[in-house]
Amino acid sequence: MIITNTYILDTLNNLLSVESLPLVKEKVNELVSSLESAEASDIDEDCSPLNDNIFFPETSYIKNELKQISETQTLERTKYYIQRLVKGLSEIRTGKINDLNLNRWKEYDDLITDSLWVMNKRDKSGAHNGNYWGNFIPQIPNQLLRRFTKQNDWVLDPFLGSGTTLIECKRLGRNGIGVELLPEVSGLAEENINREKNLTDSSVITKIINGDSTKLNYKEAINELGIKSVQFLIMHPPYWDIIKFSEDENDLCNAKSIEDFLELLGSVIDKTYSILDKNRFFALVIGDKYSKGEWIPLGFYSMQKALEKGYKLKSVIVKNFDETKGKRNQKELWRYRALVGGFYVFKHEYIFLFKKE
Ligand SMILES: C[S@@+](CC[C@H](N)C(=O)[O-])C[C@H]1O[C@@H](n2cnc3c(N)ncnc32)[C@H](O)[C@@H]1O
């Protein structure tokens, strides 16, 4: 038997006029059985869509909803759930800043909504690879882009590194601009991004600017692309001098003092603020550092810079942190040092999420 969207929706709509709870449940159970017995290939994904926006049937979603319907105790509640499923299958309700279908919000169970992110495995699919020392795991931009951007939106990453953000942008159908100081790293990012596929039907523009993000004229740069603003900002700057990316004096890792580092980062926050649309988001990914026996709360100092600019803080996310390659080889040594020195070994970094209002 071929099961189409139309068949499921017709059956559900007919049930809305049935006034007997046992009969409704019987019909719902029949529908569950036919879904279960139908081979996955029998579910017709394209046939008879009710409108262009319709989702193709995903049996696990429908089956779960139908099970909930068949376990409900009152006719009124049963019909409420049937109506909800009809909506979920036939209407798309999205918000202003992403493409999530809120009528089917339960399906996005891989989207994190808690402030503690524990991610143990780096996504190495497609063009992603962990080869660039100091890159972030792709799940960070993936989570953020899906929640805070729509397809065809423009995303700016002023510390592009090996291109992780723009790889995700391309995959998700978002346009991306990345700024990277070091020519060889910009080249690496370009290679990586070129290897990625755009998995959507939106055409995507990816622009890599080899330059200093503290000095760039952002308005001019985006005007050249024919746009006046961007819809999402993501920054993953050096965590001051923790990793020496280069000897270049404009590299944030070479800032002479914490004050200098914060001034440079502050200037990027300042310059990019004006090109971000109102009611849109900015994510800052950064960790703390240890120096001369003291924990330096680099993350919170940097957060303060964004607050001073006028951003509204929406979340402080704590993400677990895999040891850097250097520290991994010295795990025991760091543990010993921690025990002797009265401190804890870093295992987390922050994602500060701000909104421009
Ligand atoms: C933490 S890494 C970003 C890694 C990136 N998220 C990724 O996944 O590959 C920081 C990057 O900022 C770059 N950088 C440092 N100072 C910069 C500046 N003034 N302008 C532009 N890029 C800069 C470094 O070369 C480095 O590649």
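Side notes on the structure shown:
- For V86, the conditions (1) without any contact (Cβ under 8 Å) to a residue 60 or more places away in the chain; (2) farther than 30 Å from F136 by Cα; (3) not in a loop (DSSP other than H, G, I, E, B) are fulfilled apart from (1).
- Just one of the listed residues (T113, T78) is at pLDDT 90 or above, of a type in the set (V, I, T), away from the ligand (no atom under 16 Å from the Cβ) and crowded, with 16+ Cβ neighbours inside 10 Å, namely T78.
- Subset of the range 138-159 [near the ligand (Cβ under 8 Å from one of its atoms) and open to solvent by 10 Å² or more (accessible area, probe 1.4 Å)]: F159
- Listed by first and then second residue, the pairs linking a residue in the range 133-147 that is closer than 15 Å to F159 by Cβ to a residue that is in a helix (DSSP H, G or I) and more than 8 Å from the ligand (Cβ to nearest atom), with Cβ atoms under 7 Å apart and 6 or more places separating them unless they lie on different chains, are W133/K325; P141/E168.
- Candidates N210, N250, filtered to the one that is open to solvent by 20 Å² or more (accessible area, probe 1.4 Å), within 19 Å of L160 (Cβ to Cβ) and without any contact (Cβ under 8 Å) to a residue 60 or more places away in the chain: N210
- When residues of the range 254-297 are limited to those that are in contact with a Lys or Arg (Cβ under 9 Å, 6 or more places away or on another chain), among the charged types (D, E, K, R) and not in a helix (DSSP H, G or I), the one most open to solvent (accessible area, probe 1.4 Å): K278
- Elements of type strands (runs of 3 or more DSSP E) contained in the range 164-251, each with 2 or more residues being over 25 Å from the mean Cα position of the chain (by Cα) and among the hydroxyl-bearing types (S, T, Y): none
- Only one of the numbered conditions (1) more than 10 Å from the ligand (Cβ to nearest atom); (2) within 30 Å of S291 (Cα to Cα); (3) open to solvent by less than 30 Å² (accessible area, probe 1.4 Å) is not met by M235, and that is (1).
To keep it simple, each residue is scored yes or no on (1) in a helix (DSSP H, G or I); (2) polar (S, T, N, Q); (3) free of Cβ contacts under 8 Å to residues at least 40 places away in the same chain.
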{"site": "Y301", "(1), (2), (3)": "yes, no, no"}
{"site": "K305", "(1), (2), (3)": "yes, no, no"}
{"site": "E308", "(1), (2), (3)": "yes, no, no"}
{"site": "K314", "(1), (2), (3)": "no, no, no"}
{"site": "A338", "(1), (2), (3)": "yes, no, yes"}
{"site": "Y344", "(1), (2), (3)": "no, no, yes"}
{"site": "Y350", "(1), (2), (3)": "no, no, no"}
{"site": "F354", "(1), (2), (3)": "no, no, no"}
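- Number of the exception - T165 against (1) more than 9 Å from the ligand (Cβ to nearest atom); (2) at pLDDT 95 or above: (1)
- Boolean, L182 is within 15 Å of the ligand (Cβ to nearest atom) and either surrounded by fewer than 18 Cβ atoms within 10 Å (Cβ to Cβ) or not polar (S, T, N, Q) (or both): yes
- Among (1) over 28 Å from the mean Cα position of the chain (by Cα); (2) within 28 Å of L23 (Cβ to Cβ); (3) modelled with pLDDT under 85; (4) in a helix (DSSP H, G or I) - the single one Y61 does not satisfy: (1)
The values are calculated or read from the model by the stated rules, or taken from the named source; none is laboratory data. Everything numeric here is computed off the predicted structure, so don't read it as measured data. Please note: Cβ atoms are built from the backbone with ideal geometry, for glycine as well, and neighbour counts cover all protein chains shown. Remember, those area values only see protein heavy atoms, side chains included, never the ligands or the DNA or RNA. Shrake-Rupley method; radii C 1.70, N 1.55, O 1.52, S 1.80 Å.
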